[in-house]
Amino acid sequence: MMDLANCFVFSLVELVCYLVLIICVLISVAFVTLLERKILGYIQIRKGPNKVGYMGILQPFSDAVKLFTKEQTIPMMSNFLPYYLSPVFSLFISLLVWAVMPYEIGFMSFNMSILFFLCCLSLGVYSTMSAGWASNCKYSLLGSLRAVAQTISYEVSLALILLSFVVLVGGVSLDLFSKYQDKVWFFLVSMPLCLIWFASCLAETNRTPFDFAEGESELVSGFNTEYSSGGFALIFMAEYASILFMSGLFTMIFLGSELCSILFYIKMVGVAFIFVWVRGTLPRLRYDKLMYLAWKSFLPVSINYLIFFLGLKSFCYCLHI
């Protein structure tokens, strides 16, 4: 009975910790939107949103209140249940994937974190696909089809790059990455892989210059054309939660920091800044160029690096013998 009670208490503590983590991520998402608007304002030599509160600090909360209190539109021809559940599922996946981070307190730390990340990454496609299909709108459907093709294409590169580093560190836990980068960062050892990973992250999170799922110039607003009020806000929050997570993962894999150090969060904000910087600098690519980049440029380089790391590991193993 005591073991059962201890197990229950431990599960309850883990649940409370995870809820606190979700609240922290959602507050971070709010301030990342403010950071993005400020950076874009400076890039375009104009004012950012600085009206609500001191220096615009209350602006994200003002936007949230505005979005969630707006009138909810109900497209008559839409498939009701998947139409409303898709944004919820999208945000759920974006928050669930945060469990893979190796927290020092032992919370939610498990040995198969990279495999869990790849599973969550693959699941994210379904929410976009169902949102576009259930809206029963040609613009939404085209946007979701583009997103599915794009995400599947760039997942291959991401998986191969991760596999290369899994071979190098000898395990599928994110804990190993901080241990192996005490002396030198992987960014310095494999810069081409780092750049490919960052470009693939931009494509995975549907960010400029790969934001074809939301091609305003030709698809009105892409897969979220029929969404308004809370549904649009949830899609928006899921995108920014994914950007934050990808920034943290990039820092962990290539810039070698532990989660307990303040340096990790400084690097993470720096990577998120680059996400916004790219949006303010680069124009949208053509769709065929995007697919060409994935299959004819990124894929061969990723495979070559994987073979190189396999050979390097085998050579080191032979030397030890």
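Values quoted throughout were computed directly from the atomic coordinates according to the rules given, and no laboratory measurement underlies them. Everything quoted here is computed from the prediction, not taken from an experiment. Neighbour counts are summed over all protein chains in view; Cβ atoms, including those assigned to glycine, are modelled from backbone coordinates with ideal geometry.
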Is the shape of the range 31-107 rounded, prolate or oblate, going by the alpha carbon gyration tensor and its root eigenvalues a ≥ b ≥ c, with a/c under 1.5 for rounded and a/b larger than b/c for prolate? oblate
Are there any trypsin sites (Lys or Arg not before Pro) in the range 24-113 that are in a DSSP loop and have at most 11 other Cβ atoms within 10 Å? List them by number. 46, 51
Checking the a/c ratio against 1.5 first, then a/b against b/c, what shape does the Cα gyration tensor give for the range 188-264? oblate
Mind giving me the FRET efficiency for residue 278 and residue 185? R0 is 22 Å, r the Cβ-Cβ distance, nearest 0.05 is fine. 0.55
Order the peptides 290-296, 309-315 from the highest to the lowest mean number of other Cβ atoms within 10 Å of their residues. 290-296, 309-315
Between the Cα axis of helix 2-43 and the main Cα principal axis of the chain, the angle (0 to 90°, nearest 10) is 60
For the range 2-320, with the dipole built from +1 on Lys and Arg beta-carbon atoms and -1 on Asp and Glu ones, taken about the Cα centre, which of 311, 275, 223 lies farthest toward the positive end? 275
Spin-label point model (7 Å from Cα, Cβ direction): what's the residue 69 to residue 54 distance in nm? 2.4
Which ordering of 152, 39 is given by a fewest-first count of other beta-carbon atoms within 10 Å? 152, 39
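Under the classification rounded if a/c is under 1.5, otherwise prolate if a/b is larger than b/c and oblate if not, where does the range 180-321 fall, given a ≥ b ≥ c as square roots of the Cα gyration tensor eigenvalues?
Details: a/c = 2.79, a/b = 1.61, b/c = 1.74.
Here the range 180-321 falls in the oblate category.
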What is the order of 190, 261, 86, 200, fewest Cβ neighbours within 10 Å to most? 261, 190, 200, 86
Compute the semi-axes of the equivalent ellipsoid of the range 7-139, taking the square root of 5 times each eigenvalue of the Cα gyration tensor, and list them largest first in whole Å. 30, 26, 16
So if I place +1 on the C-beta of Lys and Arg and -1 on the C-beta of Asp and Glu, and nothing else carries charge, what would the dipole magnitude of the range 2-320 be about its Cα centre? I want it in debye, nearest 20. 900
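What net charge do the residues around residue 33 carry, taking every other residue with its C-beta under 12 Å from that of residue 33, with Lys and Arg at +1 and Asp and Glu at -1?
Cβ neighbours under 12 Å give a net charge of -1.
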In whole angstrom, and with the biggest value first, how far do the Cα coordinates of the range 114-232 range along each principal axis? 52, 25, 24
Check cross-link reach from residue 70 to the lysines: straight Cα distance under 23 Å, and skip same-chain residues fewer than eight apart. 51
Helix 138-169 sits off the longest principal axis of the Cα atoms of the chain, rounded to the nearest 10 on a 0 to 90 degree scale, by 20
From the residues 148, 59, 81, which one has its Cα farthest along the dipole of the range 27-163 in the positive direction, the dipole being from +1 and -1 charges on Cβ of Lys/Arg and Asp/Glu about the Cα centre? 59
Per-residue Cβ contact counts at 10 Å, fewest first, order 207, 284 as 284, 207
Folded to 0 to 90 degrees: helix 262-281 orientation relative to the chain principal axis, Cα: 50
